[in-house]
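The values are calculated or read from the model by the stated rules, or taken from the named source; none is laboratory data. For clarity, every value in this text was computed on a predicted model and none was experimentally measured. Neighbour counts run over all protein chains shown; Cβ positions are idealised from the backbone, glycine included.
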Amino acid sequence: MADCIFCKIVAGEIPSTKVYEDEAVVAFRDVNPQAPEHILVIPKEHVACGVCEINASNAAVIGHVFEVIAKITKELGIQDFRVVSNNGEGAGQTVPHIHFHVLGGRDLSVTMG
């Protein structure tokens, strides 16, 4: 999608600090981190909205996203972490391209964020 910031990151039009990339997924550090470790993991293919758009045609790439999350957290030594996906503006979603926040590096057991 031409005006999607994440699609522009995938295309290399906007710089990012990538921690992982393959043919289907890219993971990069959030520019406004909410925790010492805050990584966004996205499918390269634009999936509008968020979790509400997961279906049989894109479920495999979403499963792969979680494989990537397991891999990068191990590689970066992030043992305790939270995975968040906001769905809709009222939930705090600011980019309408499905994405998953990996938050770690501090105690997350009490606060939501």
Within the range 30-56, how many residues are farther than 14 Å from Val83 by Cα and among the charged types (D, E, K, R)?
-> 3
For Val31, state whether it is surrounded by fewer than 14 Cβ atoms within 10 Å (Cβ to Cβ), among the aliphatic types (A, V, I, L, M) and closer than 18 Å to Val102 by Cα.
-> yes
Within the range 103-113, is even one residue of a type outside the set (Ser, Thr, Tyr), touching a residue at least 40 places away in the same chain (Cβ under 8 Å) and within 25 Å of Cys7 (Cβ to Cβ)?
-> yes
Within the range 36-62, residues surrounded by 14 or more Cβ atoms within 10 Å (Cβ to Cβ) and closer than 16 Å to His101 by Cβ come out as Glu37, His38, Ile39, Leu40, Val41, Ile42, Pro43, Val47, Gly50, Val51, Ile62
Restrict the check to the range 101-111 and report whether at least one residue is within 22 Å of Val47 (Cα to Cα), at pLDDT 95 or above and in contact with a Leu (Cβ under 8 Å, 6 or more places away or on another chain).
-> yes
Flag for Phe66 being among the aromatic types (Phe, Trp, Tyr) and more than 21 Å from Val31 (Cβ to Cβ) | yes
Would you point out the residue of the range 76-93, among those that are of a type outside the set (A, V, I, L, M) and assigned to a helix (DSSP H, G or I), that is surrounded by the most Cβ atoms within 10 Å (Cβ to Cβ)?
-> Glu89
Need at least 1 residues that are at pLDDT 95 or above, in contact with a helix residue (DSSP H, G or I) (Cβ under 8 Å, 6 or more places away or on another chain) and under 15 Å from Val95 (Cβ atoms) per element, so show me which strands (runs of 3 or more DSSP E) inside the range 1-75 make the cut, counting only ones lying wholly within it.
-> 25-29, 37-43
Say we look at the range 1-58 and pick out the residues that are among the polar types (S, T, N, Q) and free of Cβ contacts under 8 Å to residues at least 60 places away in the same chain; which of these is farthest from Asp107 (Cα to Cα)?
-> Ser57
